[in-house]
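The values are calculated or read from the model by the stated rules, or taken from the named source; none is laboratory data. All values reported here derive from a predicted model rather than from experimental measurement. Positions of Cβ are backbone-derived with ideal geometry, glycine not excepted, and every protein chain shown enters the neighbour counts.
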Amino acid sequence: MEGLVHSRINPIHATGRQYHSRLVPAFSVMLSKNFITSPVLSMKRHKSFNSVVASVQPLEASDLGHFDNTLPSKDVLRLWRSADAVCFDVDSTVCLDEGIDELAEFCGAGKAVADWTARAMGGSVPFEEALAARLSLFKPSLAQVQEFLVTRPQKISPGIDELVKKLKAKNTNVHLISGGFRQMINPVASILGIPLENIFANQLLFGNSGEFVGFDVNEPTSRSGGKATAVQQIRKVHGYKTLVMIGDGATDLEARKPGGADLFICYAGVQLRDAVAAKADWLVFNFADLINSLE
């Protein structure tokens, strides 16, 4: 097994500002018997989804000295500005947290699962192995997932809502590609105005009594290389000429393969993973850089 790729976590300081959404979508549940989709279950309305407006503390110049991709080249800017589709990772990119880590902590297995997440995102173990191992540590029930979604809604990264609006104003289609779970990502997509059909993510499976029975292994993002597969499928279906992938982990970097993303932008505003950042076409620490570059 390869050694762990070290992740540098940048401090984030939240202010009191909140974004409010009138929409708290229901989510669908897959049942183990014949994998039939059950009737949609409604969640209690939560007063607000907190979008934590964070200021990422600038790194010291010495920390950035070994990166030569913090300023985009002309070719990178051309691809970014001409993209007709942008695919975002969700955990530690669109959202401040790693969703599975937060759910595991809620269920009492936070540290053990976080250790596995670090391995998976660093690329030192196959993603499908890490996903199965993490879920086996706490086996979330349907009731736990429902309570988690109501009491601990996802915190959205600062600037992502403005960036998505800017892209949509340019008629650039936005997709979410995640190794996380649809049950947790659907509410985020609704807040940002991203159609649910533009989501590639995993699906938790529950039995007739709401017990955890696993996850849908047929989802591309349930295994290593899955994000590259998802991007290739998106391009094939929609016929996009230029597609950009934005994320923080090794699985996001994988999306830049033949037939996949034309450009990989590493967003390190939440976590800086050196091995991933060094191979990115463009390394950014603030979504404002991407917004301003579209002018």
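Quick notes
- Residue that is surrounded by the fewest Cβ atoms within 10 Å (Cβ to Cβ), among those in region 83-120 that are of a type in the set (D, E, K, R) and over 16 Å from PRO187 (Cα atoms): LYS111
- Extreme residue, surrounded by the most Cβ atoms within 10 Å (Cβ to Cβ), among residues of region 121-153 that are aliphatic (A, V, I, L, M) and over 25 Å from GLY247 (Cβ atoms): LEU142
- Considering region 154-182, the residues that are of a type in the set (Gly, Ala, Ser) and touching a residue at least 24 places away in the same chain (Cβ under 8 Å) include one that is surrounded by the fewest Cβ atoms within 10 Å (Cβ to Cβ), namely GLY159.
- As for region 262-275, it holds no residue that is touching a Cys at 6+ places or on another chain (Cβ under 7 Å) and in contact (Cβ under 8 Å) with a residue 12 or more places away in the chain.
- Here the helices (runs of 4 or more DSSP H) wholly within region 56-149 that include at least 3 residues being at pLDDT 90 or above are 74-82, 99-106, 127-138.
- Entry remark, region 157-198: residues being part of a strand (DSSP E or B) and out of contact with any strand residue (DSSP E or B) (no Cβ under 6 Å at 6 or more places or on another chain) number 1 in total.
- Looking across region 222-251, the residues that are surrounded by fewer than 24 Cβ atoms within 10 Å (Cβ to Cβ) and of a type in the set (S, T, N, Q) come down to SER222, SER224, THR229, GLN232, GLN233, THR242.
- Of all residues in region 215-241, those being at pLDDT 95 or above and on the phi > 0 side of the Ramachandran plot number 1.
- Flag for SER293 being surrounded by fewer than 20 Cβ atoms within 10 Å (Cβ to Cβ), over 17 Å from the mean Cα position of the chain (by Cα) and among the small types (Gly, Ala, Ser): yes
- Being under 17 Å from VAL86 (Cβ atoms), at pLDDT 95 or above and surrounded by fewer than 18 Cβ atoms within 10 Å (Cβ to Cβ) is true of ALA288.
Per-residue answers, yes or no, for (1) of a type in the set (D, E, K, R); (2) closer than 23 Å to GLN154 by Cα; (3) out of contact with any Asp or Glu (no Cβ under 7 Å at 6 or more places or on another chain):
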site: ILE191; (1), (2), (3): no, yes, yes
site: PRO195; (1), (2), (3): no, yes, yes
site: ILE199; (1), (2), (3): no, yes, yes
site: ARG256; (1), (2), (3): yes, no, yes
site: ALA268; (1), (2), (3): no, yes, no
